[in-house]
Amino acid sequence: MAIRFENIKEFIGSRVSWDDRADLFTPEAAGAIRAKVEERTVLVFPQVDLTDDEQRYITESMGEKIKLTGRFNVQTDVADDIYQVTLDPKINPQPEYVLGTFFWHMDGVSVDAPPPFATLLSCRIAPDKGGETEFASTYAAYAGLPEEEKQALEGLRAIHSVTASLSPIADAIPENHRAKVFGIGGEREHPIVWTHQDGRKSMVIGTTADRIVGMEIPAGRAMLIRLQEWAAQPAFSLRHKWTKGDFVIWDNTGAMHRAIPYDKSTGRMMHRTSIAGTETVAA
């Protein structure tokens, strides 16, 4: 197996290269890729040009594939186990979910299931302006906190919801979409500091986090925003500018992500799959 990993930044990101493209589609490669995702949070495969079947193979070879979203999409040429991330109204007649991804978030933390381990995204149409994806490691961000701030976070829990994640765009949601959009899921309570089974700690933060249990709402929301800003600083974050054929995998249990705003006229199209999580969020 001739797969190589080159660090992009000190605390986040690796670029993957290979001698023979077929080397990516082996059990040995799946194990190495999963281990590197856990170590480096984000892996970038430049212009690998995966087919949907190849993306399915990599997804399923790394863990259990799950369908996370897509209830509003009208997909006619792609199986519904692959979610098309697009603002094209012919495919996505209710774009609020995609517009909500312009803000820092983690996938699946507002549903009643373990958060997905990883998200896998391949670029089918690259936008000519905007549309980059940013990632912020909440593993590295937590590790970089001063000790007194780590101690202050111990035991704190936050309330997460889809409604909170869409609050930045609430004024832009048409009245006839509100009932469907804001009716997704309920509220979930998670510790802010997630102690994983291997002992590592990350933070569960982002726009789904609405308030902190037991704190006055203004103070709690201010703390949640400060934690987002801390995690998003350049030392712990990475921006990827998409080229057609790029493929990125990231550890959703230890990273926030967001899309840089883009216009639907760019045609930006991503194909997304997700790997099921095996751990519930634990303090």
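The values are calculated or read from the model by the stated rules, or taken from the named source; none is laboratory data. None of the values given here were measured: they were computed from a predicted structure. Cβ sites come from the backbone with ideal geometry, for glycine too, and all protein chains shown count toward neighbours. Only protein heavy atoms, including side chains, enter the accessible area calculation; ligands, DNA and RNA are left aside. Shrake-Rupley method; radii C 1.70, N 1.55, O 1.52, S 1.80 Å.
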Computed ³J(HN,Hα) along the range 123-129: with the Karplus parameters 6.51/-1.76/1.60, θ = phi - 60°, integer Hz and x for glycine or proline, the list is 8, 9, 9, 8, x, 7, 8
About its Cα centre, what dipole magnitude does the range 103-231 give when the only charges are +1 on Lys and Arg Cβ and -1 on Asp and Glu Cβ, stated in debye to the nearest 20?
-> 220
Violating pairs (Cα-Cα greater than 29 angstrom) within the set LYS67/LYS264; LYS36/LYS90; LYS241/LYS264; LYS9/LYS67; LYS201/LYS264 = LYS36/LYS90; LYS9/LYS67; LYS201/LYS264
Going 7 Å from the Cα of ASP263 toward and past its Cβ, which residues in the range 106-147 have a backbone nitrogen under 12 Å from where you end up?
-> 128-130
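On the accessible surface of the range 165-283, probed at 1.4 Å, how many percent belong to carbon and sulfur atoms? Display every interim value, and only then the final one.
Numbers: 2860 of 5410 Å².
Here carbon and sulfur together make up 53 percent of the probe-accessible area.
What does DSSP give for the chain in terms of the percent of beta bridges that are antiparallel, rounded to the nearest 5?
95
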At 20 °C and 1.002 mPa s, what whole-number value in µm²/s does Stokes-Einstein give for the translational diffusion of the range 15-172, with Rh from the Kirkwood sum over Cα pairs?
-> 117
Can you list residues whose amide H is under 5 Å from ASP210's amide H, if they're 5+ apart or on another chain and H is modeled 1.01 Å from N?
-> ILE159, HIS160, SER161
Binned at 5 Å from 0, what are the whole-percent values of the Cα-Cα distance distribution for the range 114-158, short to long?
-> 5, 12, 15, 18, 14, 13, 9, 8, 6, 0
Neighbour count of at most 12 Cβ within 10 Å plus DSSP loop: longest GluC sites (Glu not before Pro)-free window in the chain = 11-153
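Kindly identify the range 89-144 as rounded, prolate or oblate by the Cα gyration tensor criterion: order the square roots of the eigenvalues as a ≥ b ≥ c, call it rounded if a/c is under 1.5, otherwise compare a/b with b/c, prolate if a/b is larger, else oblate.
Oblate shape, in that a/c is at least 1.5 and b/c is the bigger or equal ratio.
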Size of the range 199-283 along its principal axes in angstrom, Cα-based, largest extent first?
-> 46, 31, 24
Classify the range 1-47 as rounded, prolate or oblate, taking a ≥ b ≥ c as the square roots of the eigenvalues of its Cα gyration tensor: rounded when a/c is under 1.5, otherwise prolate if a/b is larger than b/c and oblate if not.
-> oblate
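Per the helix-only calculation at 222 nm, which mean residue ellipticity applies to the chain, given -39500 (n - 2.57) for every DSSP H run of n ≥ 4 and division by its residues, nearest 500 deg cm²/dmol?
Using -39500 (n - 2.57) per qualifying helix, the result is -7000 deg cm²/dmol.
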The size of the Cβ-based charge dipole (Lys, Arg +1; Asp, Glu -1) of the range 156-255 about the Cα centre, to the nearest 20 debye, is 180
With DNA, RNA and ligands ignored, accessible area of ASP112 (1.4 Å probe; Å², nearest 10) = 130
Work from the charge dipole of the range 39-170 (Cβ charges, +1 for Lys and Arg, -1 for Asp and Glu, about the Cα centre) and give the residue of VAL98, PRO116, ILE58 farthest towards its positive end.
-> VAL98
Accessible-area order (highest first, 1.4 angstrom probe) of the listed residues ASP49, ASP23 = ASP49, ASP23
Here the range 191-206 yields Karplus 3J(HN,Hα) values (6.51, -1.76, 1.60; θ = phi - 60°; whole Hz; Gly and Pro given as x) of x, 5, 9, 9, 8, 7, 4, 8, x, 6, 10, 10, 10, 9, 9, x
When the convex hull of its Cα atoms is projected in every direction, mean area for the range 119-209 (nm²) = 9.0
Computed accessible area, LEU227, all protein chains, 1.4 angstrom probe, square angstrom = 10
Accessible-area order (highest first, 1.4 angstrom probe) of the listed residues HIS190, HIS160 | HIS190, HIS160
Cα-centre dipole for the chain with unit charges at Cβ (Lys and Arg positive, Asp and Glu negative), debye to 20 | 480
For GLU216 paired with PHE102, estimate the spin-label separation in nm (one decimal), with each label point 7 Å from Cα along the Cα-to-Cβ line.
-> 3.2
How large is the accessible surface per residue of the chain, computed with a 1.4 Å probe and reported in Å² as a whole number?
-> 45
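Around TYR139, with a cut-off of 9 angstrom between Cβ atoms, what is the net charge of the other residues, counting Lys and Arg +1 and Asp and Glu -1?
Overall, the nearby charge balance is +1.
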Residues with amide H under 5 Å of ALA255's amide H, sequence separation 5 or more or different chain, H placed in the peptide plane at 1.01 Å from N; which?
-> THR138
